[in-house]
There are 2 protein chains.
Amino acid sequence: MNDYASRLHAAIRDKGNAVCVGLDPRLDQLPAQLLPDDADNASMSVDAAAEAYEKFCCRIVDVVAPLVPVVKPQAAFFEELGPSGTKALANVIRHARSAGLLVICDAKRGDIGSTAEAYARAYLAGADPNTAIWGADALTVNPYLGSDTLQPFVEIATERGAGVYVLVRTSNPGAGTFQDRVTDGETLFECVARTVEKLCAQTCGELDYGSIGAVVGATYPDELNHLRSLMPHVPLLVPGYGSQGGTAADVAGAFDADGLGAVVNSSRGIIFAARQKTYRERFRPDEWEKAVEEATRAMIADLAAHTPCGCLR
Amino acid sequence: MNDYASRLHAAIRDKGNAVCVGLDPRLDQLPAQLLPDDADNASMSVDAAAEAYEKFCCRIVDVVAPLVPVVKPQAAFFEELGPSGTKALANVIRHARSAGLLVICDAKRGDIGSTAEAYARAYLAGADPNTAIWGADALTVNPYLGSDTLQPFVEIATERGAGVYVLVRTSNPGAGTFQDRVTDGETLFECVARTVEKLCAQTCGELDYGSIGAVVGATYPDELNHLRSLMPHVPLLVPGYGSQGGTAADVAGAFDADGLGAVVNSSRGIIFAARQKTYRERFRPDEWEKAVEEATRAMIADLAAHTPCGCLR
């Protein structure tokens, strides 16, 4: 059972929760302890910044690996530092996988034909991290270019036991500009959802879930319930919990009755927990990892109390 | 006049054509002369492959820089080689800009809020290549997430004199899956086109063209005419000429009467020209750069003969 959905659900059962920790490093929010002594963000070299990102993310991985099943590094922040940033991203992915975590690389890639194949081959490693140079278990992809452009991702993911999360309903305030357009009684995001369910069915076999997932924001809870039912075989990645305003009750609809079928992501709320008032009062600045741990445990408890995830424990 | 559209049109006038050469390196098609003597593609290290990509693309840049205004490296092929591939991409962009070319980085990025900002800051350098670590003049972006997610690209592009090309109508066979959906009498791609025209107007001032462009495939010629008229201020990037089946007549509608307002991209048809029968008969394998030059000149002549571009000469 090396397919992505089976590996994902084994990890969720093992950890007893469906929390995904988003690794979105930002230079101006890193713990001071991780920066060179004479650090001045404006003049810091990209190599020094990339090193700090790597150290920060790897230390978060060490804190959360015993607690949660999945982490999701955000490629953009690493790419902002150029080639040395992308190297840090590769190292963080490698470190997370050695620590036993599943890794969803959040890069929102998408292109046509053989170009899509190149992205898929680059990022989708699946069960064996050495199958792809970026070594991720799964990748987020953008559907705008059409369903033929999703096919290379589906094929390479299936071949390698990797997963793909197609953007269906994003968590930003303006998500509706194009996603809400109704054609023949169906919104664009519902149409994408149906396409994803169909692609996923190809990868499903006898299993309850296939390996083609969907990104569905926590910030639109009614739609989340509806999309869960439109995509019964599709693992969901739910961003928008915490800092973006989504609550545990908002994401409850993402899960099936067994607490499976979804992971809920929190980035800033966990990785920069030490900057929040609650944790600043309890921990010294150099104890920032304790704040990360506490925030992770708090999210796990919150989801257990207000979603079907509770039955995983 | 450091805005992208003005710089683009100055370069088009200077070179007398609107050809964009796509830099899409593929290991199995590189000239043998660029590979290590004992090269075996399957076992070649990514570092060696990245070095070959960089050498190949830089030599193409040297051939085409006196002839055309723009090159468009495809990020996917470089990313497939991991961090050393991304370093090669950065070096190719830098080399192309020093050679006086404009560079559109074809990475089709897109994300929400501050993440979109990170991508924009990473890639969009504008007039001064040192403003961004990837140093491109322009970047392709994906609109699916909504118009609020395009805004950070628009702002940073405007600030830096850079350009953005939003995917409107892609050139792949399945482009229509989502792009053709009609709502209130308007397709999704027309709706995106209107949004791009509106965003572009913000950047336009007194000029004929703004710096927010659109990607419109050559493979749908009727739509190209229509989209040109829907987006009168928007510079177009037209992929799909040549290997993908688009002809010069197909792309004629992309240009205004002065032969401005668009660039037409060819990748494989130029960079791997030496593999085509016509050029294989005329040039030895080690004369592959002559094939690149001839194919570029042939495309310039073809556009001059069959599009309003002819009046640029």
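The figures follow:
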quantity: Residue pairs meeting the criteria (Cβ under 7 Å; at least 6 apart or on separate chains; first more than 13 Å from A:Ala162 (Cα to Cα), in the stretch A:1-12; second in a helix (DSSP H, G or I)); calculated: A:Ile12/A:Leu312
quantity: Subset of the stretch A:70-88 [part of a helix (DSSP H, G or I), closer than 27 Å to A:Tyr144 by Cα and within 8 Å of another protein chain (Cβ to nearest Cβ)]; calculated: A:Ala76, A:Phe77, A:Glu79, A:Gly82, A:Thr86
quantity: Among the candidates B:Gly205, B:Gly217, B:Gly210, residue that is small (Gly, Ala, Ser) and closer than 21 Å to A:Leu150 by Cα; calculated: B:Gly217
quantity: In the stretch A:143-177, the residues that are buried (at least 24 other Cβ atoms within 10 Å of the Cβ), in a helix (DSSP H, G or I) and not β-branched (Val, Ile, Thr); calculated: A:Leu150, A:Phe153, A:Ala157
quantity: The stretch A:209-238 residues that are without any contact (Cβ under 8 Å) to a residue 60 or more places away in the chain and within 17 Å of A:Ser266 (Cα to Cα), paired with ones that are open to solvent by 10 Å² or more (accessible area, probe 1.4 Å) and of a type in the set (Phe, Trp, Tyr) (beta carbon under 8 Å, 6 or more apart); calculated: A:Ala218/A:Tyr241
quantity: Subset of the stretch A:178-193 [crowded, with 21+ Cβ neighbours inside 10 Å and in a loop (DSSP other than H, G, I, E, B)]; calculated: A:Arg181
quantity: Index of the failed condition, B:Ile60 passing every other in (1) under 24 Å from B:Arg160 (Cα atoms); (2) touching a residue at least 24 places away in the same chain (Cβ under 8 Å); (3) part of a helix (DSSP H, G or I); calculated: (1)
quantity: Residues of the stretch B:1-45 satisfying the condition of being touching a Ser or Thr at 6+ places or on another chain (Cβ under 6 Å) and not charged (D, E, K, R); calculated: B:Tyr4, B:Ala5, B:Gly22
quantity: Search result, residues across the stretch B:5-54 that are more than 29 Å from B:Gly217 (Cβ to Cβ), within 14 Å of chain A (Cβ to nearest Cβ) and outside any loop (DSSP other than H, G, I, E, B); calculated: B:Val46, B:Asp47, B:Ala48, B:Ala49, B:Ala50, B:Glu51
quantity: Hits in the stretch A:116-140 - residues which are under 21 Å from B:Gly217 (Cα atoms) and either open to solvent by 10 Å² or more (accessible area, probe 1.4 Å) or more than 9 Å from chain B (Cβ to nearest Cβ) (or both); calculated: A:Glu117
quantity: Residues that are outside any helix (DSSP H, G or I), modelled with pLDDT of 95 or more and more than 17 Å from the chain's Cα centre (by Cα), drawn from the stretch B:101-132; calculated: B:Asp111, B:Ile112
quantity: Test for B:Glu190: is it away from chain A (no Cβ under 14 Å), in contact with a helix residue (DSSP H, G or I) (Cβ under 9 Å, 6 or more places away or on another chain) and among the acidic types (Asp, Glu); calculated: no
quantity: Test: residue in the stretch A:302-311 that is touching a Lys or Arg at 6+ places or on another chain (Cβ under 9 Å) and hydroxyl-bearing (Ser, Thr, Tyr); calculated: no
quantity: Criterion violated by A:Gly205 - all others in (1) over 25 Å from A:Ile300 (Cβ atoms); (2) within 14 Å of chain B (Cβ to nearest Cβ); (3) out of contact with any Gly (no Cβ under 7 Å at 6 or more places or on another chain) satisfied; calculated: (2)
quantity: Whichever residue in the stretch A:191-243 is hydrophobic (A, V, I, L, M, F, W, C) and modelled with pLDDT under 95 and, among such residues, is nearest to the chain's Cα centre (by Cα); calculated: A:Ala218
quantity: Enumeration of residues in the stretch A:184-210 that are in contact with a Cys (Cβ under 7 Å, 6 or more places away or on another chain) and hydroxyl-bearing (Ser, Thr, Tyr); calculated: none
quantity: Filtered residue count, the stretch A:180-198, keeping only those that are in contact with a strand residue (DSSP E or B) (Cβ under 7 Å, 6 or more places away or on another chain) and farther than 24 Å from A:Gly210 by Cα; calculated: 4
quantity: Pair list, Cβ under 7 Å, 6 or more apart: the stretch A:141-156 residue within 7 Å of another protein chain (Cβ to nearest Cβ) and within 12 Å of B:Thr170 (Cα to Cα), other residue open to solvent by 20 Å² or more (accessible area, probe 1.4 Å) and of a type in the set (A, V, I, L, M, F, W, C); calculated: A:Leu145/A:Ile112; A:Thr149/A:Ile112
quantity: So A:Ala99, is it surrounded by 20 or more Cβ atoms within 10 Å (Cβ to Cβ) and away from chain B (no Cβ under 13 Å); calculated: no
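Listed here are the residues, each with its yes/no results for (1) under 15 Å from A:Asp106 (Cβ atoms); (2) of a type in the set (Gly, Ala, Ser).
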position	(1), (2)
A:Asp14	no, no
A:Val19	no, no
A:Leu35	no, no
A:Asp40	no, no
A:Ser43	no, yes
A:Pro66	no, no
A:Val70	yes, no
A:Phe77	yes, no
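The values are calculated or read from the model by the stated rules, or taken from the named source; none is laboratory data. Keep in mind that this is a model prediction, so the values were computed, not measured. As a convention, Cβ positions derive from the backbone with ideal geometry for all residues, glycine included, and neighbour counts pool all protein chains shown. For the accessible areas, the whole protein counts, side chains as well, though only heavy atoms, and no ligand, DNA or RNA atoms are used. Shrake-Rupley method; radii C 1.70, N 1.55, O 1.52, S 1.80 Å.
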